[in-house]
Amino acid sequence: MAEKTKIKIGSVPIFSGKRILLGVTGGIAAYKAAELARRLICAGAQVKVVMTKAATEFVTPLTFQALTGEKVATAMFGPEAEPLEHVSLGQEVDAIVVAPATANIIGKMAAGLGDDLLSTILLAATRPVLLCPAMNVAMWANPVVQENLDRLQARGLQVMEPEAGELACGAVGLGRLPEPEDIVEAAARLLSPQDFSGIRVLVTAGPTHEDCDPVRFLTNRSSGKMGFALAKVAWRRGAEVCLISGPSHLRTPYGVERVSVRSAQEMLVAVQDRFVAADALIMAAAVGDYRPVNCELKKIKRGRNEAQMQLAQNPDILGEISRLKDKQVVVGFAAETHDLEAEARRKLEQKNLDFIVANDVTRKDAGFAVDTNQVTILSRKGEPLRLPLLSKEEVAERILDRVVDLLAAQGREG
Ligand code: CTP
């Protein structure tokens, strides 16, 4: 059963073959660490949990043992302790995630103390560490906690900002453990090659809405999934990512700046504002080609047997952007129902693109609103690259591989 959840069509789980040590310390958010362990396992990781004594007051080791299938380590001494685990565990794994990280463990790490199993493992650790602090608002605001975190970051540890909101203690403010989904992403970045480090990537996604009246609009079937996958994977690989999205219910990928727009004209302005500072633009948005000439101020009423609406052509965003193009790598998409490669090649030339990603949107398993895609990449030179059916994240990886190759050819490497 476990294998079934790990294997998706044409995709390799992001943590496949990776061992992660999950350190759980004693705060109420310890219950969320159970969900985190499950998500890491679903993403292919082998998870070893180490709990502090205080953590076991909130959640039992049995919970984690049942989820991970591995014995949970809690003590340095006594019959349950394995000899030398206090040194070896932090050196054998691929990464260490401490979630939640209390002010206490942060203080001990900053001071170089090792007075229990987890703090000693962290002292001897040679692998990358991600700290996910969670605590009461006043504790988080305490300068000593902030100074400790600054010291740890200066030593190369990764720290996730806690979220703002209502805390279990009733206080409102910063201190909540980030969502497990986001911790998984931050851990994925820790383990991914950082070939986009220092590179600014602009991605567009989703449909546009072209208003007809206060209750109606023209749109298309795009969900935004391909663009969101591109933004997510680019951030994972170290990029600074800005995602300009038309209306979409998808959650903003962790670490990504999102700019929400509605119409093609709004998207044009948002892209123009950010393009010059970007190193790469990937236009995955399904931009509406037409908009009503007039958006009626009052709801259009029924009553006539036939009605007509006059449409005006929207700007071609890529066409406009090609005038500003300097050294940026510019990538387009071609969503086609027929003559896939010929149409894509026409757009590649007309829109002055570095390459174009063509997909046949009549397929049920590719294109709009599904998690998989089957694309062909056409470049100015060379044969088309026809990829098999892959998850959208894996398609994103292939597109970004080509972007980074083009940037490297210009002498700009991450
Ligand atoms: N695009 C754009 N501005 C538009 C329409 C499309 O920048 N007004 C971009 C899309 O984001 C995509 C590429 O151009 O990257 C091709 O989009 P597509 O809808 O396939 O093609 P169109 O240019 O609209 O041409 P056609 O309607 O003839 O297929």
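Cβ-Cβ contacts under 8 Å between residues 6 or more apart (or on different chains), taken from a first residue in segment 336-348 that is in the same structural domain as L378 (by TED's automatic domain parsing) and surrounded by fewer than 13 Cβ atoms within 10 Å (Cβ to Cβ) to a second residue that is not in a helix (DSSP H, G or I) and not aromatic (F, W, Y), are listed as T337/D360; T337/V361; T337/T362. Where helices (runs of 4 or more DSSP H) sit wholly within segment 72-172, those with at least 1 residues that are farther than 26 Å from A188 by Cβ and β-branched (V, I, T) occupy 85-92, 117-124, 137-141, 143-154. Among the residues making up segment 149-182, those that are under 20 Å from the mean Cα position of the chain (by Cα) and of a type outside the set (A, V, I, L, M, F, W, C) are Q158, E161, P162, E163, R176, P178, E179, P180, E181, D182. The residues in segment 258-274 that are surrounded by 20 or more Cβ atoms within 10 Å (Cβ to Cβ) and in a strand (DSSP E or B) can be counted, and the count is 0.
Consider segment 51-67 and keep the residues that are in contact (Cβ under 8 Å) with a residue 40 or more places away in the chain and assigned to a helix (DSSP H, G or I). The one that is nearest to I121 (Cα to Cα) is K53. Taking each residue of segment 201-212 that is more than 10 Å from the ligand (Cβ to nearest atom) and looking for partners that are of a type in the set (K, R) with beta-carbon atoms closer than 7 Å, six or more apart or interchain, yields L202/R274; H209/R262; E210/R291.
Here V370 meets the list (1) out of contact with any strand residue (DSSP E or B) (no Cβ under 9 Å at 6 or more places or on another chain); (2) outside any loop (DSSP other than H, G, I, E, B) almost entirely, failing just condition (2). Evaluation of R291 against the conditions (1) at pLDDT below 95; (2) in contact with a helix residue (DSSP H, G or I) (Cβ under 9 Å, 6 or more places away or on another chain); (3) not aliphatic (A, V, I, L, M) shows that the sole unmet condition is (1). Applying the condition of being buried (at least 18 other Cβ atoms within 10 Å of the Cβ) and not in a loop (DSSP other than H, G, I, E, B) to segment 275-301 and asking which residue is farthest from the ligand (Cβ to nearest atom) yields P292.
From the set of residues in segment 233-250 that are in a loop (DSSP other than H, G, I, E, B) and under 12 Å from the mean Cα position of the chain (by Cα), which is surrounded by the most Cβ atoms within 10 Å (Cβ to Cβ)? The extreme case among them is A239. N373 passes every criterion in (1) surrounded by fewer than 19 Cβ atoms within 10 Å (Cβ to Cβ); (2) within 16 Å of L340 (Cα to Cα); (3) modelled with pLDDT under 95 apart from (1). Answer with yes or no whether A231 is of a type in the set (G, A, S), more than 23 Å from A138 (Cα to Cα) and in the same structural domain as A99 (by TED's automatic domain parsing). Against the criterion (of a type in the set (G, A, S), more than 23 Å from A138 (Cα to Cα) and in the same structural domain as A99 (by TED's automatic domain parsing)), A231 does not qualify.
I'd like to check something: does segment 251-260 contain any residue that is over 14 Å from the mean Cα position of the chain (by Cα) and at pLDDT 95 or above? The answer is yes; a qualifying residue exists.
Can A81 be described as in the same structural domain as V24 (by TED's automatic domain parsing) and modelled with pLDDT of 90 or more?
Values: in the same structural domain as V24 (by TED's automatic domain parsing): yes; modelled with pLDDT of 90 or more: no.
Against the criterion (in the same structural domain as V24 (by TED's automatic domain parsing) and modelled with pLDDT of 90 or more), A81 does not qualify.
For segment 261-288, which residues satisfy the criterion of being over 21 Å from the mean Cα position of the chain (by Cα), within 24 Å of G238 (Cβ to Cβ) and not hydrophobic (A, V, I, L, M, F, W, C)? Matches in segment 261-288: D273 only. Just one residue in the set V172, V159 is β-branched (V, I, T) and in contact with a Cys (Cβ under 9 Å, 6 or more places away or on another chain); that residue is V159.
Got at least one residue in segment 77-88 being within 22 Å of P178 (Cα to Cα) and surrounded by fewer than 21 Cβ atoms within 10 Å (Cβ to Cβ)? Walk me through it before giving the result.
Step one: filter segment 77-88 for residues within 22 Å of P178 (Cα to Cα), giving none.
Looking for residues that are within 22 Å of P178 (Cα to Cα) and surrounded by fewer than 21 Cβ atoms within 10 Å (Cβ to Cβ), one finds none in segment 77-88, hence no.
Of all residues in segment 302-335, those satisfying the criterion of being surrounded by 18 or more Cβ atoms within 10 Å (Cβ to Cβ) and either small (G, A, S) or within 13 Å of the ligand (Cβ to nearest atom) (or both) are N314, I317, L318, I321, V330, V331, G332, F333, A334, A335.
Quick one: in segment 348-367, of everything that is part of a loop (DSSP other than H, G, I, E, B) and polar (S, T, N, Q), which residue is farthest from the ligand (Cβ to nearest atom)? Let's see the steps before the verdict.
The initial filter retains those residues of segment 348-367 that are part of a loop (DSSP other than H, G, I, E, B), namely 351-354, 361-367.
Going one step further and asking which of them are polar (S, T, N, Q), we end up with 352, 362.
Numbers: N352: 11, T362: 13 Å.
Looking at the filtered set, the residue picked out is T362.
The values are calculated or read from the model by the stated rules, or taken from the named source; none is laboratory data. Computed from a predicted model, the values in this text were never measured in an experiment. As a convention, Cβ positions derive from the backbone with ideal geometry for all residues, glycine included, and neighbour counts pool all protein chains shown.
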